[in-house]
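See structure below.
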Amino acid sequence: LTAQNILLRNLRIAIQHRQHWWQRTPSPAIPAWPEIRLNLTGALLLEFSLRECQLGYSDFTQVQFAGESDFAYNQFSHGASFAGARFTGSADFSGTKFVGETDFERAQFGDWVNFEGAEFIGGANFEGTKFGDWAYFVGVQFTGRSYFEGAQFAGRAYFEGAEFANTADFEGAKFIDRVNFAGAQFTGRTDFEGVE
């Protein structure tokens, strides 16, 4: 837990608030460890938070997240891998910006996951991912290719207003509960072959 707190303190984008009305609105400060390459492959992380942080490439392959995980309003500037990661509690990625290839292949979400308003600038791979409760992709922007082949949604799945600017592949995906694509935009090749 101490190591997790050190990471959070040194990767957070600190915003200084103005003290008086005549001061200009300040811009976000650069974190102490800007553009760090973070490799936590196979780690066990407890109640993990990197909310409002900035990272370079991040490797969370096969990580087990115990309890709630908070990555809201984070910036991954050189790609991220959550391949095979297991989330036992809720996971919040709302407002997060993923630049570069992002990999959630075969990840498992035991509770709800929130990607509302997230941006994927580069490929987004959710192949074989298992969503145990509701999955919230409302207003997400997929600039690069997005893959949901063989993904399983056990709870409700919300893609309202999502924008798929490139290939969107849902081949063989399985939706057990309600799914909503109201207002979603598909401007590239779209594949829903074999979806249940």
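The values are calculated or read from the model by the stated rules, or taken from the named source; none is laboratory data. In this text, all values refer to a predicted model and were calculated from it rather than measured experimentally. Note that we place each Cβ from the backbone using ideal geometry, even for glycine, and neighbour counts take in every protein chain shown. Ligands, DNA and RNA are excluded from the accessible area calculation, which covers all protein heavy atoms including side chains. Shrake-Rupley method; radii C 1.70, N 1.55, O 1.52, S 1.80 Å.
Can you sort 63, 138 by 1.4 Å-probe accessible area, starting with the largest? Mind dumping the intermediate values first?
Numbers: 63 0, 138 30 Å².
In descending accessible area the options line up as 138, 63.
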**Message:** Sequence gap at least 6, Cα distance under 8 Å: using those rules, report the relative contact order of the chain to the nearest whole percent.
**Reply:** 11
**Message:** Please compute the modelled spin-label separation between residue 4 and residue 41, points set 7 Å along Cα→Cβ, answer in nm with one decimal.
**Reply:** 2.2
**Directionally averaged projected area (convex hull, Cα atoms, region 64-196), nm²** = 6.3
**Request:** Compute the signed sum of charges (Lys and Arg +1, Asp and Glu -1) over the other residues within less than 10 Å, Cβ to Cβ, of residue 49.
**Result:** -3
**Message:** Helix-only mean residue ellipticity at 222 nm, the chain, DSSP H runs n ≥ 4 weighted -39,500 (n - 2.57), per residue, nearest 500. What is it?
**Reply:** -1500 deg cm²/dmol
**Complete:** Surrounding charge for residue 122, neighbours by C-beta under 15 angstrom, Lys/Arg +1, Asp/Glu -1, total -3
**Prompt:** Once you list every other residue whose beta carbon is under 12 Å from the beta carbon of residue 107, what net charge do they have if Lys and Arg are +1 and Asp and Glu are -1?
**Reply:** 0
**Complete:** Measuring from the longest principal axis of the C-alpha atoms of the chain, the long axis of helix 2-11 (C-alpha) lies at a number of degrees, nearest 10, equal to 80
**Complete:** Relative contact order in percent for region 83-177 (Cα pairs under 8 Å, 6+ apart) equals 23
**Request:** Round to the nearest 10 and report in Å² the accessible area of residue 190, as given by a 1.4 Å probe over the protein chains' heavy atoms.
**Result:** 60
**Request:** Could you order 40, 1, 50 by accessible surface area, starting with the largest, using a probe radius of 1.4 Å?
**Result:** 1, 40, 50
**Asked** For residue 90, what accessible area in Å² do you get when you roll a 1.4 Å probe over the heavy atoms of the protein chains, rounding to the nearest 10?
**Response** 10
